[in-house]
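Reading through the structure tokens given below for one structure.
The values are calculated or read from the model by the stated rules, or taken from the named source; none is laboratory data. These numbers were taken from a predicted model, which means no experiment stands behind them. When we count neighbours, we look across all protein chains shown, and the Cβ atoms used for this are built from the backbone with ideal geometry, even at glycine.
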Amino acid sequence: MENETESIKHAPLPTEKTLRSRRNLPFQFWRFAAINFKMIKMIRRGHH
Amino acid sequence: MARVVVMGAGIAGHTAALHLKRILKKSDEVIVISPNSKYNWIPSNIWVGVGKMNKSQVTFPLAPVYKRKKITFHQALATAVHPAGDSQISSPYIEVTYTDSNKNGTSAKIEYDYLINATGPKLNFVATEGLGPDGHTVSVCTSDHAIEAAHSLKAVIAKMKAGQKQTLVIGVGHGTCTCEGAAFEYTFNVEHELRQAGVRDLAEIIYLTNEYELGDFGVGGLIFTQRGFQTTSKLWTESLFRERNIHAILGAHVEKIEAGLIHYELVDGTKGMLSFDFAMLLPPFRGVDMKAFEKDGSDISAEIFAPSGFMKVDADYSGKPYEEWLASDWPNTYQIPKFPNVFAIGIAFAPPHQISKPRKSPNGTLVAPSPPRTGMPSGIMGKVAAVNIAALIKSGNRAKVRSASMADMGAACVASAGSGLRKGSAASMTMYPVVPDYMKFPTTGRSTDDTFGEIGLAGHWIKLLLHYMFIYKAKARFGWFLIPE
Ligand SMILES: Cc1cc2nc3c(=O)[nH]c(=O)nc-3n(C[C@H](O)[C@H](O)[C@H](O)COP(=O)(O)OP(=O)(O)OC[C@H]3O[C@@H](n4cnc5c(N)ncnc54)[C@H](O)[C@@H]3O)c2cc1C
């Protein structure tokens with residue numbers, strides 16, 4: 001088994017900009033709409 | 001007049017019962033059997049477990065909803081199925097034992113034309129010595145468990161505030177557990193709470209899991225496209241663990257738990273011990289205790305239920321090796337082949353095989369995440385079972401039944417990583433299909449267009465929206481059926 005601590009240690013860290021964008025209200029409103037749209041599309045695809 | 005009996009009022013059974021009542025004729029009867037008087041929106045138990053919600057926000061009494069919808073409700077535990085009746089009763093029936101205060105302990109026989117088994121999981125804490133609320137760890141599987149978890153968490157936070165270092169272990173308590181997504185969510189919610197309480201630097205948080213890699217979630221991980229590249233849920237999850245400074249022990253089977261000490265074996269055969277001050281470990285699931293009998297009274301439980309206790313439906317249970325299974329092995333209509341008027345949906349049906357690759361340690365210990373059957377597929381199965389039963393009642397053998405295979409169904413999962421309207425966060429994920437289909441999607445088994453993941457505050461808003469939307473729907477309020485499962 002891969003040493004998990006090693007793989008976590010080497011995982012890419014988000015940049016400051018990414019971290020900020022995850023909390024940025026206007027950007028997150030837009031993501032809220034976009035993710036909901038993606039989910040509805042996926043639900044439609046699999047809904048019976 | 002037809003009578004449909006639904007055993008279980010969780011996501012699958014409650015959805016089925018409401019749709020049945022909506023679709024069937026007024027003269028048809030829908031009966032629900034469930035041991036608890038309340039409905040529990042289980043996904044939000046995570047927030048109860050960190051003290052952010054209370055029990056009344058995640059539960060509501062079922063009886064008034066069923067009364068309003070003209071569904072008969074028996075607060076009882078189903079104990080046996082007689083799918084061909086017996087020497088005295090010619091029609092199929094189930095045996096129940098009441099759990100409400102009036103009739104507590106008394107039994108009854110309830111006849112049916114169609115039966116839905118939606119009894120969910122038995123929380124099998126006894127599979128691991130010392131696991132669970134009767135042992136040394138807490139759980140968030142029920143709202144009461146989650147309340148207890150919140151109390152324990154509060155106690156360790158108080159100790160940290162007094163300057164003591166604490167070790168918090170969160171994960172799964174057996175090599176064959178499922179629901180790793182819930183353990184993941186709870187880990188990040190706890191981490192978020194510790195930061196809010198200003199004690200994060202005094203806490204070591206360890207995620208203890210049977211997953212071979214982070215991001216497996218019991219579905220063998222996800223591959224999705226991001227900014228023009230294919231990426232994996234492994235990389236993405238590892239990044240989150242690094243960012244939040246959470247350690248992980250992977251491929252672990254928990255053998256035994258003593259006060260403050262977890263004994264585990266890894267898939268490579270090494271054994272380890274882990275001290276803890278707080279541990280939330282989910283139990284493995286098995287089917288609820290239920291028996292099945294033939295008309296002559298002989299016990300046919302072994303034929304109807306898999307060794308895991310889950311009900312065998314229209315799937316391929318030939319037990320072929322993991323490498324040889326196909327998406328088509330998964331059930332379509334969830335009917336028992338021998339008794340097609342009996343359906344098993346949600347967690348109650350026996351999956352034909354693991355989705356995540358099962359592994360054995362050199363000592364022969366099985367480390368194999370079981371396939372998750374999350375809320376969305378459980379709800380869809382409930383609706384499709386209701387539609388199919390209505391069609392069968394109307395047209396008999398000529399009825400066209402619909403399929404709800406998990407190999408042709410997507411799932412949306414929003415894993416909360418901390419609550420708060422401005423400070424919250426969640427990992428939003430979708431996958432299509434849940435069970436990979438390498439015939440349709442040869443490279444990754446899933447559609448890379450419909451499989452994606454993203455972290456951010458928007459995910460928290462979605463999770464909160466889903467909480468209110470699904471409780472509204474479960475209360476069968478105006479227009480409830482317009483909200484998709
Ligand atoms: C902590 C946690 C968090 C989760 N978070 C998410 C999430 O964020 N998203 C998601 O999609 N899924 C989530 N899940 C999974 C989700 O809760 C399940 O997929 C879903 O509850 C399964 O529905 P079900 O109806 O099959 O079982 P359940 O919801 O467990 O319902 C089973 C019902 O059967 C009743 N019952 C039990 N025994 C009997 C008996 N003998 N006779 C009659 N009735 C009986 C029970 O009382 C209950 O009413 C989570 C699970 C857990 C434990």
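Does B:ALA427 count as assigned to a strand (DSSP E or B) and either of a type in the set (Phe, Trp, Tyr) or farther than 22 Å from B:GLY382 by Cβ (or both)? For B:ALA427, the condition - assigned to a strand (DSSP E or B) and either of a type in the set (Phe, Trp, Tyr) or farther than 22 Å from B:GLY382 by Cβ (or both) - is met. Being near the ligand (Cβ under 9 Å from one of its atoms), over 22 Å from B:MET290 (Cβ atoms) and either touching a residue at least 24 places away in the same chain (Cβ under 8 Å) or part of a loop (DSSP other than H, G, I, E, B) (or both) is the requirement here; does B:GLY379 meet it? The answer is yes for B:GLY379. With respect to the stated conditions, B:ALA259 fails to be away from the ligand (no atom under 16 Å from the Cβ), surrounded by fewer than 17 Cβ atoms within 10 Å (Cβ to Cβ), among the hydrophobic types (A, V, I, L, M, F, W, C) and within 30 Å of B:LYS109 (Cβ to Cβ). Can B:ALA302 be described as more than 16 Å from the ligand (Cβ to nearest atom) and touching a helix residue (DSSP H, G or I) at 6+ places or on another chain (Cβ under 9 Å)? Judged against the criteria, B:ALA302 is not a match. Restricting attention to segment B:57-96, the residues that are among the hydroxyl-bearing types (Ser, Thr, Tyr), surrounded by fewer than 16 Cβ atoms within 10 Å (Cβ to Cβ) and in contact with a helix residue (DSSP H, G or I) (Cβ under 9 Å, 6 or more places away or on another chain) total 1. When B:ALA427, B:ALA458 are checked against the criterion of being among the small types (Gly, Ala, Ser), buried (at least 24 other Cβ atoms within 10 Å of the Cβ) and facing chain A (nearest Cβ under 8 Å), a single residue qualifies: B:ALA458.
Within segment B:123-132, the presence of a residue that is at pLDDT below 95, within 16 Å of the ligand (Cβ to nearest atom) and more than 25 Å from B:ILE11 (Cα to Cα) is excluded.
For B:THR97, the conditions (1) in contact (Cβ under 8 Å) with a residue 24 or more places away in the chain; (2) in contact with a Ser or Thr (Cβ under 9 Å, 6 or more places away or on another chain) are fulfilled apart from (1). Yes or no: B:GLY453 touching a residue at least 40 places away in the same chain (Cβ under 8 Å), within 13 Å of chain A (Cβ to nearest Cβ) and touching a His at 6+ places or on another chain (Cβ under 9 Å)? For B:GLY453, the condition - touching a residue at least 40 places away in the same chain (Cβ under 8 Å), within 13 Å of chain A (Cβ to nearest Cβ) and touching a His at 6+ places or on another chain (Cβ under 9 Å) - is not met. Taking segment B:138-161 as the range and being assigned to a helix (DSSP H, G or I) and of a type in the set (S, T, N, Q) as the test, the residues that pass are B:SER143, B:SER152.
B:GLY445 meets the conditions (1) away from every other protein chain (no Cβ under 13 Å); (2) closer than 27 Å to B:GLU243 by Cα in every case but one. The failed one is (2).
Exactly one residue out of B:ALA327, B:ALA385, B:ALA368 is in contact (Cβ under 8 Å) with a residue 40 or more places away in the chain, within 16 Å of the ligand (Cβ to nearest atom) and either surrounded by fewer than 18 Cβ atoms within 10 Å (Cβ to Cβ) or more than 10 Å from chain A (Cβ to nearest Cβ) (or both): that is B:ALA385.
If B:PHE310 satisfies all but one of (1) more than 14 Å from chain A (Cβ to nearest Cβ); (2) within 16 Å of the ligand (Cβ to nearest atom); (3) touching a residue at least 60 places away in the same chain (Cβ under 8 Å); (4) surrounded by 15 or more Cβ atoms within 10 Å (Cβ to Cβ), what's the number of the condition it fails? Among (1) more than 14 Å from chain A (Cβ to nearest Cβ); (2) within 16 Å of the ligand (Cβ to nearest atom); (3) touching a residue at least 60 places away in the same chain (Cβ under 8 Å); (4) surrounded by 15 or more Cβ atoms within 10 Å (Cβ to Cβ), B:PHE310 violates only (3). Residue check, B:VAL387 against (1) modelled with pLDDT of 95 or more; (2) under 20 Å from the mean Cα position of the chain (by Cα), all met but one. Which one? Tallying (1) modelled with pLDDT of 95 or more; (2) under 20 Å from the mean Cα position of the chain (by Cα), B:VAL387 fails exactly one: (2). Evaluated against (1) surrounded by fewer than 24 Cβ atoms within 10 Å (Cβ to Cβ); (2) farther than 27 Å from B:ASN189 by Cβ; (3) touching a Gly at 6+ places or on another chain (Cβ under 7 Å), B:GLY418 falls short on exactly one condition, (2). For segment B:174-188, does any single residue satisfy the condition of being away from chain A (no Cβ under 14 Å), more than 13 Å from the ligand (Cβ to nearest atom) and under 15 Å from B:ALA279 (Cβ atoms)? For segment B:174-188, residues away from chain A (no Cβ under 14 Å), more than 13 Å from the ligand (Cβ to nearest atom) and under 15 Å from B:ALA279 (Cβ atoms): present. Looking across segment B:226-265, the residues that are assigned to a loop (DSSP other than H, G, I, E, B) and more than 12 Å from chain A (Cβ to nearest Cβ) come down to B:GLY228, B:ALA259, B:GLY260. Selection of segment B:371-382 for residues being facing another protein chain (nearest Cβ under 10 Å), more than 29 Å from B:THR128 (Cβ to Cβ) and not hydrophobic (A, V, I, L, M, F, W, C) yields an empty set.
On the basis of being within 16 Å of the ligand (Cβ to nearest atom), of a type outside the set (A, V, I, L, M) and within 30 Å of B:GLU204 (Cβ to Cβ), does B:PRO351 make the cut? No: the conditions fail for B:PRO351. For segment B:388-407, a residue qualifies if it is assigned to a helix (DSSP H, G or I) and either touching a residue at least 60 places away in the same chain (Cβ under 8 Å) or more than 14 Å from chain A (Cβ to nearest Cβ) (or both), and the qualifying residues are B:ILE389, B:ALA390, B:LEU392, B:ILE393, B:LYS394, B:SER395, B:GLY396, B:ASN397, B:ARG398, B:MET406, B:ALA407.
Exactly one residue among B:LEU281, B:LEU274 is modelled with pLDDT of 95 or more, more than 28 Å from B:TYR432 (Cα to Cα), in contact with a helix residue (DSSP H, G or I) (Cβ under 9 Å, 6 or more places away or on another chain) and surrounded by 15 or more Cβ atoms within 10 Å (Cβ to Cβ), and that residue is B:LEU281. Does at least one position in segment B:468-481 carry a residue that is in a loop (DSSP other than H, G, I, E, B) and in contact (Cβ under 8 Å) with a residue 40 or more places away in the chain? Yes: segment B:468-481 contains one or more residues that are in a loop (DSSP other than H, G, I, E, B) and in contact (Cβ under 8 Å) with a residue 40 or more places away in the chain.
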